[in-house]
Amino acid sequence: MRRTNWILALVGGFCLPAMAPAHFNMLLPQSASARRGEAVTFVYQWGHPFEHQLFDAPVPESLIVFGPDGKKMDLFKTMEKVTVATTEGKKATAFRLRFTPDQRGDYAFVLQAVPIWMEEDQEFLQDTVKVILHVQAQKGWDASCGQDFEMELLTRPYGLQAGMVFQARASSSSKGLAGLLVEIERYHATAPKELPADEHITRTAKTDPNGVVTCTLSEPGWWCITAQRDGGQREHGGKKYPVRQRSTLWVWVDGK
């Protein structure tokens with residue numbers, strides 16, 4: 001697979017319901033925890049996590065993993081294109097990789113997505129996604145990955161139980177970002193038979209004066225916590241449109 005910086009025009013602009021659910025980039029391992037020497041499969045998808053409405057994922061810009069010792073490895077070339085099932089028997093493009101940890105401790109996977117044009121909202125989404133793979137020892141889960149716009153972990157992102165309070169800090173150049181809108185949404189591996197009201201699908205909060213967001217993850221499963229800020233403008237069709245820059249954490253909550 002070859003690196004590219006193209007923009008996926010009109011993605012998410014088709015097959016949308018009237019209320020236009022929130023779109024998120026999903027980078028999910030088969031398990032939030034693993035053992036040293038044990039291969040783990042990751043899948044990168046694009047769409048509506050709660051509804052399990054998936055669309056074709058664009059080729060990401062980069063995928064880096066930071067090991068427990070702070071060293072980083074480029075995993076981009078290990079990704080392979082696959083198809084995944086979505087709603088109504090449809091298929092969508094996704095990307096898969098297998099990773100085998102060789103150390104005990106916590107691995108931070110950081111995916112940089114290409115800017116994605118959202119036709120209905122007349123804006124671009126530019127996302128960075130982070131997920132932690134826990135490997136036997138609690139070491140490095142709170143380490144910074146040096147991103148310009150980052151969700152720093154204040155609560156350990158594993159060993160959580162439903163109903164526990166979770167905190168993260170939105171920052172830029174190690175400074176907390178106050179007053180940012182944060183969206184919180186749970187992922188379903190299959191489409192729910194019935195959907196609740198929209199306000200119960202995507203929850204919203206704001207960061208406090210120190211950039212900290214506090215939320216309660218009320219059910220088992222994967223949750224995304226996404227802070228957003230103004231990312232300037234980008235050209236599309238000869239005109240300038242706003243860019244919404246987002247930083248997403250994926251966090252696992254255990255069952256009973």
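Only the coordinates and a few stated rules stand behind these numbers; no lab work does. Please read all numbers here as calculations on a predicted model, not as lab measurements. Reconstructed Cβ throughout: ideal geometry from the backbone, glycine too, with neighbour counts over all protein chains shown.
Place +1 on the Cβ of every Lys and Arg and -1 on the Cβ of every Asp and Glu in segment 24-254, take the dipole about the Cα centre, and give the residue among Ser31, Gly140, Tyr44 whose Cα lies farthest towards its positive end.
Selected residue: Gly140.
Is segment 41-99 rounded, prolate or oblate when judged by the Cα gyration tensor, a ≥ b ≥ c being the square roots of its eigenvalues, rounded requiring a/c under 1.5 and prolate requiring a/b larger than b/c?
Details: a/c = 2.84, a/b = 2.27, b/c = 1.25.
It comes out prolate by the Cα gyration axes.
Within a 10 angstrom radius of the beta carbon, how do Ile184, Ile116, Ile64 rank from fewest other beta carbons to most?
On the way: Ile184 20, Ile116 23, Ile64 17.
Starting with the residue having the fewest Cβ neighbours, the order is Ile64, Ile184, Ile116.
If we count every other residue with Cβ under 11 angstrom of Leu111's Cβ, Lys/Arg +1 and Asp/Glu -1, where does the sum land? Please report the intermediate quantities before stating the final value.
Numbers: positive: Lys130; negative: Glu61, Asp127.
My count for the surroundings of Leu111 gives -1.
What GluC sites (Glu not before Pro) does segment 114-155 have in DSSP loop regions with at most 14 other beta carbons within 10 Å?
Working: sites: Glu119, Glu120, Glu123, Glu150, Glu152; in loops: Glu119, Glu120.
Those satisfying the criteria are Glu119, Glu120.
Mind scanning Lys91/Lys193; Lys91/Lys256; Lys175/Lys240; Lys130/Lys206; Lys90/Lys256 and naming the pairs with a C-alpha gap bigger than 24 Å?
Values: Lys91/Lys193 19 Å; Lys91/Lys256 32 Å; Lys175/Lys240 29 Å; Lys130/Lys206 19 Å; Lys90/Lys256 33 Å.
Those over the limit are Lys91/Lys256; Lys175/Lys240; Lys90/Lys256.
Take the alpha carbon gyration tensor of segment 176-252, find the square roots of its eigenvalues, order them as a ≥ b ≥ c, and report rounded if a/c is under 1.5; if not, report prolate when a/b exceeds b/c, else oblate.
Values: a/c = 2.49, a/b = 1.37, b/c = 1.81.
Oblate.
Among Gln233, Gln126, Gln161, which one moves the most in a GNM of the chain with springs linking Cα atoms closer than 10 Å?
In the Gaussian network model the winner is Gln233.
If a/c stays under 1.5 just call it rounded; otherwise compare a/b with b/c (prolate if a/b is bigger, oblate if not). Do that for segment 91-216, with a ≥ b ≥ c from the square roots of the Cα gyration tensor eigenvalues. All intermediate terms of the calculation are to be shown ahead of the outcome.
Values: a/c = 1.31, a/b = 1.15, b/c = 1.13.
Rounded.
Can you tell me the dipole magnitude for the chain around its Cα centre, using point charges on the Cβ only (Lys, Arg +1; Asp, Glu -1), in Debye to the nearest 20? Write out the running numbers ahead of the final one.
Details: 29 positive and 29 negative charges, 152 e Å.
Magnitude of the dipole: close to 740 debye.
Exactly which GluC sites (Glu not before Pro) in segment 189-251 are in a DSSP loop and have at most 15 other Cβ atoms within 10 Å? Present the calculation step by step, with values, prior to reporting the outcome.
Numbers: sites: Glu194, Glu199, Glu235; in loops: Glu194.
Filter output for segment 189-251: Glu194.
Give a residue-ordered list of calculated ³J(HN,Hα) values for segment 159-174 (Karplus: 6.51 cos²θ - 1.76 cosθ + 1.60, θ = phi - 60°; whole Hz; x for Gly, Pro).
Result, rounded to whole Hz: x, 8, 10, 4, x, 6, 7, 10, 10, 9, 10, 7, 9, 9, 6, 6.
Given a cut-off of under 8 Å on Cα pairs at least six residues apart, what relative contact order in percent is computed for the chain?
Numbers: 664 pairs, mean separation 49.4, N = 256.
About 19 percent, as a whole number.
Within the set of other residues whose C-beta is less than 15 Å from the C-beta of Ser173, count the net charge using Lys and Arg as +1 and Asp and Glu as -1.
Details: positive: Arg169, Lys175, Arg229; negative: Asp148, Glu150, Glu152.
Here the charged neighbours net out to 0.
Report the net charge of residues surrounding Thr86, where surrounding means a beta-carbon distance below 15 angstrom and charges are Lys +1, Arg +1, Asp -1, Glu -1. Before the final figure, lay out the partial values.
Numbers: positive: Lys90, Lys91; negative: Glu51, Asp56, Glu88.
Result for the neighbourhood of Thr86: -1.
Suppose R0 equals 51 Å; then what is the FRET efficiency for Glu38 and Glu235 from their Cβ-Cβ distance, rounded to the nearest 0.05?
Numbers: r = 46 Å, r/R0 = 0.89.
Rounded to the nearest 0.05, the efficiency is 0.65.
Calculate, axis by axis, the spread of Cα positions in segment 80-140 along the three principal axes, and write the results as whole Å, longest axis first.
Taking the Cα atoms of segment 80-140, the three principal extents are 44, 29, 19 Å.
Can you give the alpha-carbon Rg of the chain over 2.2 N^0.38 Å, where N counts its residues? Could the numbers behind the result be given before it?
On the way: Rg = 17.3 Å, N = 256, 2.2 N^0.38 = 18.1 Å.
Output field value: 0.96.
Label Arg98 and Thr216 with points 7 Å out from Cα along Cα→Cβ: what is the distance between them in nm?
4.2 nm
Could you check the simple spin-label distance between Asp208 and Gln30, using points 7 Å along Cα→Cβ, in nm with one decimal?
4.0 nm
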